[in-house]
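Each value in this text was obtained by applying a stated rule to the coordinates, not by laboratory testing. As the structure is a computational prediction, the values presented were derived from the model and not from experiment. As a convention, Cβ positions derive from the backbone with ideal geometry for all residues, glycine included, and neighbour counts pool all protein chains shown.
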Amino acid sequence: MSRVIFIMGGVMSGIGKGIVTSSIGKILQGKGFTITAVKIDPYINVDAGTMNPVEHGEVFVTDDSLECDQDIGNYERFFSSDFSSDNYITTGRVYLKVINKERNLEYKGKCVEVIPHIPNEVISQIKKVGKNTKSDFVLVEIGGTVGEYQNFIFLEAARMMKLKFPKKVLSVLVSYLPVPSTIGEMKTKPTQAAVRTINEAGIQPDIIVGRSVFPLDIVRKKKISIFCNIDIDDIISAPDCDLAYEIPLNFEKDNLGDRILSKFKMKKRNTDLSEWSNLISKIRRSKNPVKIAIIGKYFESGSFTLSDSYISVIEAIKHAAWSFFKKPEIRWLSAESYEEDKNKLKELRDYDGIIVPGGFGSRGTEGKIEVIRYCRENKIPIFGLCLGMQLAIIEFARNICGISGANSIEMDPSCSDPIINIMEDQKSLLKKNQYGGTMRLGAHPCTIKAGTISAKSYKIKNISERHRHRYELNNDYREILEKNGMIMSGINSKKNLVEIIEIKDHPFFLATQFHPEFKSRPTAPHPLFKSFISSCIKKRDKK
């Protein structure tokens, strides 16, 4: 069986368990081990597909069509590997599986109960992932915090697994140590309380990662060691860091990898993170800015800006910018503001490039269309993603082809020219209100047209990219669009669907029906994002 490391959160959520998990995996990967990870979310939803991105953050999509938590995206970016539906567990998924087994008499008539059958199913899934991927280590991140009622079945699974396989299971607690401004001292009591809570669940953390604004000093480490029954060398300091990709290197300064191996009674190994170190060096040397604006609607929450809704887009921009030794400066611009005041469009000239990301619903779409028009007319590099492609087609149809009634039936079901229409296989699903996991999801093939920006970017003819949408370009309008200068540079030949569009005589006007951001990696930026950033740099140099 693979060795299993549970990563849990104490005190509060949102303090970086996903990055801690990714960093531990990267360190072990650097020691030559094979790594996989499982994300556990304690909500009843079967997957993340039906949740509001403002509330939950980005919905990430895997090759095999899973709609999941953004932490799976973190794992893929850190490990440079693809994950699958096996790597994701929710309360809803577990209960659904157990109920289906009970209905199929797989429990042979036994009384099926929350304990032990639900934790046993969790354990079974963790072991399955390790076996199928032939991984040396399975990292299991439990979402939320240890004190939440919703998490008890997963904590119970960790306890039961440790009891059954004591030499193959470790627990890591990620806990926040606040520094109240009125006191000016780092406080350990919340972490002590978190450890007592996890002790009540029958678990003693083997390692504590102390998150705080500042590094943990020896005084705080001693307190935690005494009151939490843990060796002082097993308390890892994790101060705020402006670059998440640097965290594995910071952890290795505290010999975290060797501490983990020693607890598993494994021999020490040298860590080779040279490629990762080179990445950090390149990032630190990236000084000259490239200014990118994202035109969105999922980042405003009262007085706060929530970037988690577009985290993969943000990371893909960074990866591409760093590859040119440029420092990305990303700004959030509200799509709705351009519906209220078109004079505001002039501010787009201040940016080197514009991205119109994906989304659902009609709110803000007319503002995005105005942005697309302005960028097309003023030769500003613009990159559309999913909905961004659909709106680029609508703008082109209205203002170049003269189809004034062009729209998507998602925005206007009764529009005279449904240039963006629902896919045939989606119509029956929507009639039955079947929304969860029913879109065109996951990896699909695409053939690239020679002599296009896409062809120069990919350098190969046949590609595969990840999708998440219900609406497509209506093929009845393809001829008039192409006649007026739109290039269909990427086609899914199997279903005759347009995947990429471009226009001529523009520094970069390209849009994709798929989500290229999902396949970008820090050490391997996505080719389309690289081409986009390259055009942005050329624009900036000219200016």
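Remarks
- Taking the inverse of the mean 1/r over every pair of distinct Cα atoms in region 287-542 gives a Kirkwood hydrodynamic radius of 18.4 Å.
- Considering every alpha-carbon pair of region 3-278, the percent of pairs per 5 Å bin, from zero through the bin containing the longest distance, is 1, 6, 13, 17, 19, 18, 13, 8, 4, 2, 1, 0, 0.
- Relative exposure of 536, 446, judged by other C-beta atoms within 10 Å (fewest first): 446, 536
- Mean projected area (nm²) of the alpha-carbon convex hull when region 160-254 is viewed from all directions: 7.0 nm²
- Here 231, 258 are placed in order of increasing Cβ neighbour count within 10 Å, fewest first, which gives 231, 258.
- Comparing Cα centroids, region 19-63 and region 166-194 end up 22 angstrom apart.
- Think of the chain as having a plus end and a minus end, set by charges on the Cβ of Lys, Arg, Asp and Glu; of 169, 16, 85, 169 sits farthest toward the positive end of this dipole.
- The loop-placed trypsin sites (Lys or Arg not before Pro) in region 159-206, going by DSSP, that have at most 13 neighbouring Cβ atoms within 10 Å of their Cβ come out as 167.
- With the gyration tensor restricted to C-alpha atoms of region 304-357, the semi-axes of the equivalent ellipsoid amount to 23, 15, 8 Å, longest first.
- Tensor-based shape of the chain (alpha-carbon gyration tensor, a/c under 1.5 rounded, otherwise prolate or oblate): prolate
- Region 39-136: C-alpha gyration tensor shape, a/c 1.5 cut-off, then a/b vs b/c: oblate
- Listed by chain and number, the lysines placed with their C-alpha closer than 24 angstrom to that of residue 222 are 17, 187, 189, 253, 263; residues fewer than eight positions away on the same chain are left out.
- Nearest-0.05 FRET efficiency for residue 196 and residue 106, computed from C-beta distance (R0 56 Å): 0.90
- Counting only DSSP beta bridges with both residues in region 287-542, the antiparallel share comes to about 55 percent.
- Dipole size of region 287-542 about its Cα centre, with +1 on Lys/Arg Cβ and -1 on Asp/Glu Cβ: approximately 1040 debye, rounded to the nearest 20.
- Set of aspartates and glutamates with alpha-carbon distance to residue 504 below 17 Å, sequence-local pairs under 8 removed: 377, 395, 479, 482
- Global geometry of region 492-540, whether rounded, prolate or oblate, following the gyration tensor of its Cα atoms and the 1.5 cut on a/c: oblate
- Peptide ranges 100-107, 128-135 listed from the most packed, as the mean C-beta count within 10 angstrom indicates: 128-135, 100-107
- Cα→Cβ-extended label distance, 7 Å offset, between residue 275 and residue 538, nm: 3.0 nm
- For the residue pairs 449/483; 297/449; 134/167; 297/368, the C-alpha atoms sit more than 21 angstrom apart in 297/449.
- Residue order, fewest to most beta carbons within 10 Å, for 366, 377: 377, 366
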